[in-house]
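Working notes, structure below.
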Amino acid sequence: MNGKRKVLAGLAFGAGLALVAGAALSHGDVTPQAVDVSTLKPLGTDWHDVNPYRNDAAAIKVGASAYNQNCARCHGLEVVSGGIAPDLRKLDLDPDTDAYFRNSVLAGKVRNGAVYMPPFAATLSQEAIWAIKSYIETRRASLDQ
Ligand code: HEC
């Protein structure tokens with residue numbers, strides 16, 4: 001009796017996860033896309049803690065396209081969240097937040113085996129990650145409108 005309950009609970013939990021995965025899939029291609037950063041100043045192999053490209057026009061351009069390919073399906077077109085994932089325009093502009101942003105993108109958001117956000121360490125270079133951050137920062141102003 002007890003064992004049967006456990007199986008049923010497990011099935012319900014699995015169905016819930018499938019729903020979450022389905023919601024992410026319906027937002028388009030879930031394969032992370034590589035980003036061409038050849039127009040950007042190379043950043044070397046040491047990880048920066050603070051966005052080195054802030055207000056850099058070339059980085060913002062690369063970041064906009066990289067964001068659309070890799071992040072928009074969950075965090076919203078033009079960084080306006082539809083509610084499935086946090087609104088990234090609201091991130092503070094300070095060194096702690098920059099490092100938190102970088103670590104979140106590298107490691108993704110995985111809790112108890114559930115992937116809320118996939119890790120991007122294998123796909124995005126340091127240049128691509130800071131370019132995306134620079135683009136997101138340009139969208140902050142739209143919060144005041
Ligand atoms: C499959 C959907 C999905 C994709 C794709 C995705 N994210 Fe996320 N992201 C989430 C969810 C959901 C959370 C909240 C996770 C949690 O509850 O811990 C999150 C959290 C974050 C956070 C932490 C925000 C906070 O307020 O704490 C950052 C930063 C972030 N994502 C950046 C990105 C960037 C940049 C990209 C693209 C390179 C990206 N995400 C792609 C779903 C996604």
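Structure data summary
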read-out: Accessible area per residue in Å² at 1.4 Å probe, computed on the range 32-144; value: 54 Å²
read-out: Gain on full stretching of the segment that runs from Val110 to Ala57 - 0.36 nm per residue minus C-alpha separation; value: 15.8 nm
read-out: Reachable aspartates and glutamates, given that their alpha-carbon falls under 15 Å from the alpha-carbon of Lys61 and they are not under 8 places away in the same chain; value: Asp36, Glu78, Glu127, Glu137
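The values are calculated or read from the model by the stated rules, or taken from the named source; none is laboratory data. Because the structure is predicted, anything quoted here is derived from the model rather than measured. The protein model used for the area step is the full one, side chains on, heavy atoms only, and it has no ligands, DNA or RNA in it. Shrake-Rupley method; radii C 1.70, N 1.55, O 1.52, S 1.80 Å.
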